[in-house]
Amino acid sequence: MIPLDEIRRARERLGDTVLHTPLVRFDGDVWLKLESLQAIGSFKLRGALSAVRAASLAELADGVVTASAGNMAQGVAWASREAGVRARIVAPETAPRAKLDAVERLGGEIILVPHEIWWQTMVERRYEGVEGLFVHPVEDEAVMAGNGTIGLELCEDLDGFDAVVVPWGGGGLTTGIASAVKALRPGVRVVTAEPETAAPLAAAFRAGRPMEIDYRAAFVDGAGGRAWLPTMWERARPLVDGASAVPLDEVADAMRLLAARAHVVAEGAGALALAAALRGDAGEGRIVCIVSGGNVDAAVLARVLAGETP
């Protein structure tokens, strides 16, 4: 767990720059935590800003580097611009164009590489020939502490809830939120949600250990993955009570429901938690769904709203 005091210090670092996002009722006992309303359209601003503001001037002298397919890249670019330093982002060649365009608008410099090199950059925490403070999109404790401020807000804003459903990408969001929630509300269940085409955590929970999966790329680009980051299984195992692998059709259905009934634009990853809750994978009681982001390509959104599963 990330210590509760570290999460509270992260909230002090963030101040009022990060939005205390609304928690709204969707239907019955299902609630939505709208991280899609952050300045960059994603929760990633919390972790990126927490990490950059925690760094010393000496650490920031050569700028900031990260490896990201989109949302963390935007968070690091935003935080680096605020700090007045250079931001360089190693991104996979398959990253959505809408997210890359947003990074460039924020002043970030993009280095496109094959997926294998991007993954290696995350594992090794460096990219050959590029200097700067490496802010890991998942594993850095300052990043996870920033993510954990979502959990503090949940516990302050809702008197009682039984489960929180969190989209799982690399585990940094889940670890942060679960650390805060389990410290303040030990009985609350933490359930993760992944697309079934890229669900290493759900597979690990079934097998009792990390294992290889049959990965297929899909329109849900901000969650799930091919494999594990080495440190995250040990972090996740004591914090996560259940793991859902959601069919793509149900993710698309949840995106349409969020648009039609909650007037919320969510990317595939942002709709995963609601999809998992609606299929019953979070159990009974009052359930909070983390709508993690709303950065979706217009063409993908159009197809989803037209009734398709891209």
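Quick note: the coordinates plus some simple rules give every number you see, no bench work behind them. None of these values were measured; they are calculated from a predicted model. FYI the Cβ positions are ideal-geometry reconstructions off the backbone, even for glycines, and counts take in every protein chain you see.
Amide H to amide H, which residues 5 or more places from residue 31 or on other chains are under 5 Å from it, using H placed in the peptide plane?
Residues meeting the criterion, in which the H sits 1.01 Å from N, are 26, 287, 288, 289.
Could you check what % of the DSSP bridge pairs in the chain are antiparallel, to the nearest 5?
Working: 6 of 35 bridges.
Given both bridge residues lie in the chain, the antiparallel proportion sits at roughly 15 percent.
Under 25 °C and 0.890 mPa s, how fast does the range 115-225 diffuse according to Stokes-Einstein, given a Kirkwood radius computed over C-alpha pairs? Answer in µm²/s, whole number. Don't jump to the answer; show the numbers that get you there.
Values: Rh = 15.6 Å.
The estimated diffusion coefficient comes to 157 µm²/s.
What relative contact order, as a whole-number percentage, does the chain give when Cα pairs under 8 Å and 6 or more residues apart are counted? Spell out each step's value before the answer.
On the way: 686 pairs, mean separation 65.2, N = 310.
About 21 percent, as a whole number.
Could you state the number of Å between the C-alpha centres of the range 36-70 and the range 147-218?
21
Taking Rh as the Kirkwood radius, which is the inverse of the mean 1/r over Cα pairs, what is the Rg/Rh value for the range 1-118? Write down the numbers at each step before the final one.
Numbers: Rg = 15.6 Å, Rh = 15.3 Å.
Computed over Cα atoms, the ratio is 1.02.
May I have the pair-distance distribution P(r) for the range 258-310, computed from all Cα-Cα distances with 10 Å bins from 0 and rounded to whole percent?
24, 52, 21, 3
First check a/c for the chain, with a ≥ b ≥ c the square roots of the eigenvalues of its C-alpha gyration tensor; if it is under 1.5, answer rounded, and if not, answer prolate when a/b is larger than b/c or oblate otherwise.
Values: a/c = 1.40, a/b = 1.23, b/c = 1.14.
It is rounded, given that a/c, with a ≥ b ≥ c, falls under 1.5.
Please find the FRET efficiency linking residue 256 to residue 37, where r is the Cβ-Cβ separation and R0 is fixed at 25 Å, and quote it to the nearest 0.05. Can you show the working numbers first?
Working: r = 19 Å, r/R0 = 0.77.
The computed FRET efficiency comes out at 0.85.
I need the peptides 57-67, 114-124, 37-47, 289-299 ranked by packing, meaning the mean over residues of other C-beta atoms within 10 angstrom, with the highest value on top.
On the way: 57-67: 18.4, 114-124: 15.9, 37-47: 25.7, 289-299: 24.0.
Descending packing order for the listed peptides: 37-47, 289-299, 57-67, 114-124.
State, to one decimal in nm, how far the label point of residue 123 lies from the label point of residue 158, with both points 7 Å from Cα in the Cβ direction.
In this crude label model, residue 123 to residue 158 measures out at 3.7 nm.
Give me the Kirkwood hydrodynamic radius of the range 91-140 in Å, from all C-alpha pairs, to one decimal place? If you can, show how the numbers build up before the last one.
Numbers: mean 1/r = 0.0847 Å⁻¹.
The Cα-based Kirkwood calculation yields 11.8 Å.
Arrange the peptides 15-25, 68-78, 274-284, 159-169 so that the one whose residues have, on average, the most other Cβ atoms within 10 Å appears first.
Working: 15-25: 14.1, 68-78: 29.5, 274-284: 21.0, 159-169: 23.5.
Highest to lowest by the protection proxy: 68-78, 159-169, 274-284, 15-25.
How much length, in nm to one decimal, is gained on full extension between residue 9 and residue 185, taken as 0.36 nm per residue of separation minus their Cα-Cα distance? Please list the in-between numbers first.
Details: separation 176, 0.36 × 176 = 63.36 nm, distance 1.93 nm.
Here the answer is 61.4 nm.
Any idea which of 290, 263, 145 is furthest toward the positive side of the dipole for the chain, if Lys and Arg beta-carbons carry +1 and Asp and Glu beta-carbons -1?
145
Please compute the length gained on full extension between residue 226 and residue 249, using 0.36 nm multiplied by the number of residues separating them and subtracting their Cα-Cα distance. Walk me through the intermediate numbers first.
On the way: separation 23, 0.36 × 23 = 8.28 nm, distance 1.99 nm.
Taking 0.36 nm per residue and subtracting the Cα distance, the gain is 6.3 nm.
Give a residue-ordered list of calculated ³J(HN,Hα) values for the range 71-88 (Karplus: 6.51 cos²θ - 1.76 cosθ + 1.60, θ = phi - 60°; whole Hz; x for Gly, Pro).
Result, rounded to whole Hz: 6, 5, 4, 5, x, 5, 4, 5, 5, 5, 4, 4, 7, x, 10, 6, 10, 10.
Between residue 67 and residues 5 or more places away or on another chain, which pairs have amide H atoms under 5 Å apart, with H built 1.01 Å from N, and which residues are they?
90
May I ask you to evaluate 6.51 cos²θ - 1.76 cosθ + 1.60, the Karplus curve with θ = phi - 60°, for each residue of the range 286-296 and list the ³J(HN,Hα) values in order in whole Hz, giving x for glycine and proline?
7, 10, 9, 10, 7, 8, 6, x, x, 8, 10
Report the gain in length on full extension from residue 112 to residue 57: 0.36 nm times residue separation, minus Cα-Cα distance, nm rounded to one decimal. Before the final figure, lay out the partial values.
Working: separation 55, 0.36 × 55 = 19.80 nm, distance 2.77 nm.
Net length gain for the segment: 17.0 nm.
Looking at the range 233-282, what % of the alpha carbon pairs are farther apart than 16 Å?
43
In terms of modelled amide H atoms, which long-range or inter-chain residues lie less than 5 Å from the amide H of residue 39?
19
Using the Karplus curve 6.51 cos²θ - 1.76 cosθ + 1.60 with θ = phi - 60°, what ³J(HN,Hα) values do you get for each residue of the range 95-103, in whole Hz, with x for Gly and Pro?
Once rounded to whole Hz, the list reads 4, x, 4, 4, 6, 5, 4, 5, 4.
Would you mind getting me the FRET efficiency between residue 279 and residue 206? Use the beta-carbon distance for r and R0 = 25 Å, nearest 0.05. Intermediate values should be presented prior to the final figure.
On the way: r = 17 Å, r/R0 = 0.66.
Computed FRET efficiency for residue 279 and residue 206 comes out at 0.90.
So which aspartates and glutamates pass the test for residue 33, namely a Cα distance under 15 Å, with those fewer than 8 places away in the same chain ruled out?
List returned: 153, 156, 157, 159, 162, 267.
Treating the range 187-310 as a set of equal point scatterers at the Cα positions, no solvent, please give the Debye-formula log₁₀ I(q)/I(0) at q = 0.10, 0.14, 0.15, 0.18 Å⁻¹.
Normalising to I(0) and taking log10 leaves -0.30, -0.58, -0.66, -0.93.
Hey, rough spin-label estimate for residue 216 and residue 309, points 7 angstrom out along Cα→Cβ, what's it come to in nanometres?
Once both label points are built, they end up 0.9 nm from each other.
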